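**Student:** Below are the structure tokens for one structure; questions will follow.
The values are calculated or read from the model by the stated rules, or taken from the named source; none is laboratory data. Everything quoted here is computed from the prediction, not taken from an experiment. As a convention, Cβ positions derive from the backbone with ideal geometry for all residues, glycine included, and neighbour counts pool all protein chains shown. The accessibility values were calculated without ligands, DNA or RNA, using every heavy atom of the protein model including side chains. Shrake-Rupley method; radii C 1.70, N 1.55, O 1.52, S 1.80 Å.
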Amino acid sequence: MSILEWPTWKVNKMDGLYGKRQSDYFKQIFKYLRYVLNDFFVLSVLFALGGLGLAYSDYVKSLSYPSNLWYSKPLLVLIAIFLLQIGKPKTLLKKADAVFLLAKESEMGQYLKRSFFSSYLSGAAVVFVGGLVLVPFMLFACDVPKSDVCLIIFLMLTSKTFVLLAEFAEFYDEKFSSLLFELIFRVLLPVLALLLALFLNAVLSLCLMLGAIFFLIQNIRQSAYQKMFRWNFAIEKETSRMMELYRFFNLFCDVPYVVAKAKRRRFLDAFLPKPNPENPYRYLYVRCLARSGEYISLLIRLLVLGSVILAFLDTYLSLLIAAVFLYMLGFQLIPLATNYDEIVFMHIYPQGFEKKINDFRGVLRTVMLFAAFIFAIFCLIGTGQPLMASEALAIMLVETFFVTGSYLEKKLSINLTYRN
């Protein structure tokens, strides 16, 4: 019997299909990462991680050993549960698979095994690194015995296996995709396992989690034999996962897979300018900023991330972090100026090109000033020093007028004298 006639060759073909798709997937991800990992983003991430690491180090040093704070163990459980939710099933299924792979449904087991291990490695890496970072917190704040620290990290990795298996079980049994089952398998059971390990016995908790994994595996096998693979559901989940990645990449470069959707957002009507023939561009830019999911999400994410980081910094590093985040915000909003250039009526409107740029400059300056005051407030919260917060505000005000001035004109490559 030749290798082509070997009974397991069909299974290997499905295994090879996932390997081919995973290779194409990584090529596509790395293509966009070139634009994401630019100098400014990498610099801001390094400073942010450095600031958070310094704040975490100072907090741990301030604790006495053993401290056994009342909130430490519940906080540890909350952080662990958050880490367990990172990393979704990476099936790499496509819409056409519901038709062209339907005949191979009996061989999907090997494909899903490759998918599970690939998804688990990326999710477990986050859990493992997070567990290592939490080791000082376990020892000094939670008063966890040194002999149990490794067991708790291993329990977190085991819990990640359980959570991911529960997500893969949804592909065959629809009851696992209900809200009740998701809360039980993805939140409640891991919480109980971690609480049992922290307050009673880590070995017992680990054994119970291993037993739960064995039970879940048997349930998945039984469902795979008795029920049909939920093609549409699995493809929809994979499409949703990829769209989350594309939306993130779209913050740094144009991604053709992301189509901007406008939302009404009536609650913002009171804050938006009314139609005015003297300032038509300002009306358009403000409406686009408020109703476009691309720009409003970008604004909210940078405001929230920058504010959280500044709230935990108590050194002069906060001045640099505030300036970097404000620059990132202004830099990412500049493409809004050309948002309507493809509309022919914008080019025949009886308003000069300089008027259009001035209206956009006013909108961008207002947004950056608003963000500067927000960052200054959180800088005051983090440092507790009004002088340092005032210095940060002064730096950001100068930065705002620079970005919305000559830098904006250079970035848009305009010459106001010849474009009128």
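**Student:** So how much slack lies between CYS207 and PHE248, counting 0.36 nm per residue of separation and subtracting their Cα-Cα distance, in nm?
**Tutor:** 10.9 nm
**Student:** Report the label-to-label distance for ASN232 and LYS88 in nanometres (one decimal), using points 7 Å from each Cα along the Cα→Cβ vector.
**Tutor:** Each label point is offset 7 Å from its Cα along the Cβ direction, giving 1.9 nm.
**Student:** Oh, and also: Cα atoms only, region 85-153: Rg and Dmax in Å?
**Tutor:** That works out to 18.8, 57 Å for Rg and Dmax.
**Student:** Out of the trypsin sites (Lys or Arg not before Pro) in region 190-243, which ones are loop residues according to DSSP with at most 13 other C-beta atoms within 10 Å?
**Tutor:** Here the trypsin sites (Lys or Arg not before Pro) that fit, given the DSSP loop and packing criteria, are LYS227.
**Student:** Here's another thing I want to ask about it. Using a Debye calculation, one point per C-alpha and no hydration shell, please list log10 I(q)/I(0) for region 68-122 at q = 0.18, 0.22, 0.26 Å⁻¹ in order.
**Tutor:** Debye curve over Cα of region 68-122, log10 I(q)/I(0) at q = 0.18, 0.22, 0.26 Å⁻¹: -0.71, -0.87, -1.01.
**Student:** Quick one: give the max-minus-min coordinate of the C-alpha atoms of region 122-170 along each principal axis, largest first, in Å.
**Tutor:** In descending order, the Cα extents are 39, 16, 14 Å.
**Student:** Which order, highest average first, do 300-310, 20-30 follow once you tally other Cβ atoms within 10 Å for each residue and take the mean per peptide? Write down the numbers at each step before the final one.
**Tutor:** On the way: 300-310: 18.0, 20-30: 12.6.
Ranking, from highest mean packing down: 300-310, 20-30.
**Student:** A further question on this structure: Can you compute 3J(HN,Hα) from phi for each residue in region 378-391, using the Karplus curve 6.51 cos²θ - 1.76 cosθ + 1.60 with θ = phi - 60°, rounded to whole Hz and x for Gly and Pro?
**Tutor:** 6, 5, 5, 5, x, 8, x, 10, x, 5, 5, 5, 5, 5
**Student:** Starting from the Cα-Cα distance between ILE377 and ASP15, subtract it from 0.36 nm times their residue separation and give me the gain in nm to one decimal.
**Tutor:** Values: separation 362, 0.36 × 362 = 130.32 nm, distance 5.41 nm.
Computed gain between ILE377 and ASP15 is 124.9 nm.
**Student:** Calculate log10 I(q)/I(0) of region 212-253 for q = 0.19, 0.21, 0.27, 0.35 Å⁻¹, where I(q) comes from the Debye formula with a single equal point scatterer on each Cα and nothing for solvent.
**Tutor:** Relative scattering, expressed as log10 I(q)/I(0), comes to -0.70, -0.75, -0.87, -1.00.
**Student:** For ILE381, what accessible surface area do you get with a 1.4 Å probe? Give it in Å², rounded to 10.
**Tutor:** 110
**Student:** While we're looking at this one, here's another question. Quick check: pseudo-label points 7 Å beyond the Cα along Cα→Cβ at SER178 and CYS150, how many nm apart are they?
**Tutor:** With each label point 7 Å from Cα toward Cβ, the separation is 4.2 nm.
**Student:** Can you put LEU317, LEU387 in order of accessible area, largest first, using a 1.4 Å probe?
**Tutor:** Ranked list, largest accessible area first: LEU387, LEU317.
**Student:** While we're looking at this one, here's another question. Distance from a point 7 Å along Cα→Cβ of LEU121 to each backbone N in region 143-176: keep the residues under 20 Å and list them by number.
**Tutor:** Output list for this probe position: 157-165, 168.
**Student:** Of TRP70, TRP231, which has the most accessible area and how do the rest follow, probe 1.4 Å?
**Tutor:** Ranked list, largest accessible area first: TRP70, TRP231.
**Student:** Let me cross-check ILE235: its accessible surface, 1.4 Å probe, with only protein heavy atoms counted, in Å² to the nearest 10?
**Tutor:** That residue has around 10 Å² of solvent-accessible surface.
**Student:** Once the principal axes of the Cα atoms of region 96-209 are found, what is the range along each, listed largest first in whole angstroms?
**Tutor:** In descending order, the Cα extents are 56, 27, 20 Å.
**Student:** If you don't mind, there's one more thing I want to ask. What distance in nm separates the simple spin-label points at TYR25 and ILE79, each placed 7 Å from Cα in the Cβ direction?
**Tutor:** For the pair TYR25/ILE79, the computed spacing is 2.9 nm.
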